[in-house]
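Below you'll find the structure, written out as structure tokens, and then a few comments.
The values are calculated or read from the model by the stated rules, or taken from the named source; none is laboratory data. Because the structure is predicted, anything quoted here is derived from the model rather than measured. Ideal geometry is used to build each Cβ from the backbone, glycine not excepted, and the neighbour counts take in all protein chains shown. Accessible surface is based on the protein model in full, side chains and every heavy atom, while ligands, DNA and RNA are left aside. Shrake-Rupley method; radii C 1.70, N 1.55, O 1.52, S 1.80 Å.
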Amino acid sequence: MPKIVDHDQRRGEIVEAFLSVVERDGPAAASSRAIAAELGVGAGALWHYFDSLDAVVAAACRQVLTGADARIAAAVAGRRGLNALEATLCEILPLAKQTRDEAKVVMGFWGRLAVDRQIATGKSDALSMWGGRVRRHLTEAAEDRELVREVPVDSLADVLLSIAIGQQVHAVLDADQGDPQRQLALVQHCLEPWRPS
């Protein structure tokens, strides 16, 4: 009788193996051979569950972004305004090992996306959710008088997300630029002009 395989479980195991290789050896080392070796199988076994390495990277990116969004939701529970904004950005900025490792996965995916637009499925969902969260918390901050009422919420949200994503790039390309205090100071620098005098 043939062995029954849970395809979703196996796909999850492949994604976890990819993430382990990236965390340990960096994104460039995460080849199909390295993933298969991590699982103790032949490389051909991966393609029963994924069409390509790009599909594995895309699934890993989705998993990372979904996990980050769950952490954000937990971090902001019961908070609003600037307190919630800071909690949100602390889960996106590469301030700790976990978020730096996640940045490697996300940057690797975006690098592949620049070459192959067909792997774009789900790429912007988390960014849209994060943008919505940042806008909401900035609006709350203005309502609570933590920021002036005329704060340009949409533009400031775009700038803050650009900083967060830019810091992810720095974390991958230039670890010396990844000092957590420096990253948080950039956020405060953007907020400072909009605080009540």
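Would you say Trp194 is in contact with a Leu (Cβ under 8 Å, 6 or more places away or on another chain) and over 22 Å from Ala73 (Cβ atoms)? Steps first, answer last, please.
Numbers: in contact with a Leu (Cβ under 8 Å, 6 or more places away or on another chain): yes; over 22 Å from Ala73 (Cβ atoms): yes.
Against the criterion (in contact with a Leu (Cβ under 8 Å, 6 or more places away or on another chain) and over 22 Å from Ala73 (Cβ atoms)), Trp194 qualifies.
Return the pair list, or none, for Cβ contacts closer than 7 Å from residues in region 15-35 that are closer than 19 Å to Gln168 by Cβ and assigned to a loop (DSSP other than H, G, I, E, B) to residues that are of a type outside the set (D, E, K, R) and modelled with pLDDT under 90, at least 6 apart or on different chains.
Listed by first residue and then by second, the contacts come to Ala30/Val22.
Can you pull out every residue in region 53-89 that is more than 30 Å from Val148 (Cα to Cα), touching a residue at least 40 places away in the same chain (Cβ under 8 Å) and open to solvent by 20 Å² or more (accessible area, probe 1.4 Å)?
Result: Asp54, Ala55, Arg62, Gln63, Thr66.
Go through (1) in a helix (DSSP H, G or I); (2) of a type outside the set (A, V, I, L, M, F, W, C); (3) at pLDDT 90 or above for Arg62 and report which single condition fails.
For Arg62, the exception is condition (3).
Can you find, within region 37-52, the residue that is most open to solvent (accessible area, probe 1.4 Å) among those that are under 19 Å from Phe109 (Cα atoms) and assigned to a helix (DSSP H, G or I)? Write out each step before concluding.
Within region 37-52, the subset under 19 Å from Phe109 (Cα atoms) is 46-47, 49-52.
Cutting the leftovers down to assigned to a helix (DSSP H, G or I) gives us 46-47.
Values: Leu46: 2, Trp47: 96 Å².
So, considering only residues that are under 19 Å from Phe109 (Cα atoms) and assigned to a helix (DSSP H, G or I), the one most open to solvent (accessible area, probe 1.4 Å) is Trp47.
Of the numbered conditions (1) loosely packed, with under 15 Cβ neighbours inside 10 Å; (2) assigned to a helix (DSSP H, G or I); (3) out of contact with any helix residue (DSSP H, G or I) (no Cβ under 8 Å at 6 or more places or on another chain), Gln98 satisfies every one except a single condition; which is it?
(1)
Looking at region 132-149, which of the residues that are surrounded by fewer than 16 Cβ atoms within 10 Å (Cβ to Cβ) and assigned to a helix (DSSP H, G or I) is modelled with the highest pLDDT? Break it down into steps so the answer makes sense when it comes.
Step one: filter region 132-149 for residues surrounded by fewer than 16 Cβ atoms within 10 Å (Cβ to Cβ), giving 132, 143-145, 148-149.
Right, trim to assigned to a helix (DSSP H, G or I) and you get 132, 143.
Working: Gly132: 93, Glu143: 97.
Among residues in region 132-149 that are surrounded by fewer than 16 Cβ atoms within 10 Å (Cβ to Cβ) and assigned to a helix (DSSP H, G or I), the one modelled with the highest pLDDT is Glu143.
Considering only residues that are of a type in the set (Lys, Arg) and modelled with pLDDT under 95, which ones fall in region 150-197?
In the first step, residues of region 150-197 are kept if they are of a type in the set (Lys, Arg); the result is 182, 195.
Hit for region 150-197 is Arg182, nothing else.
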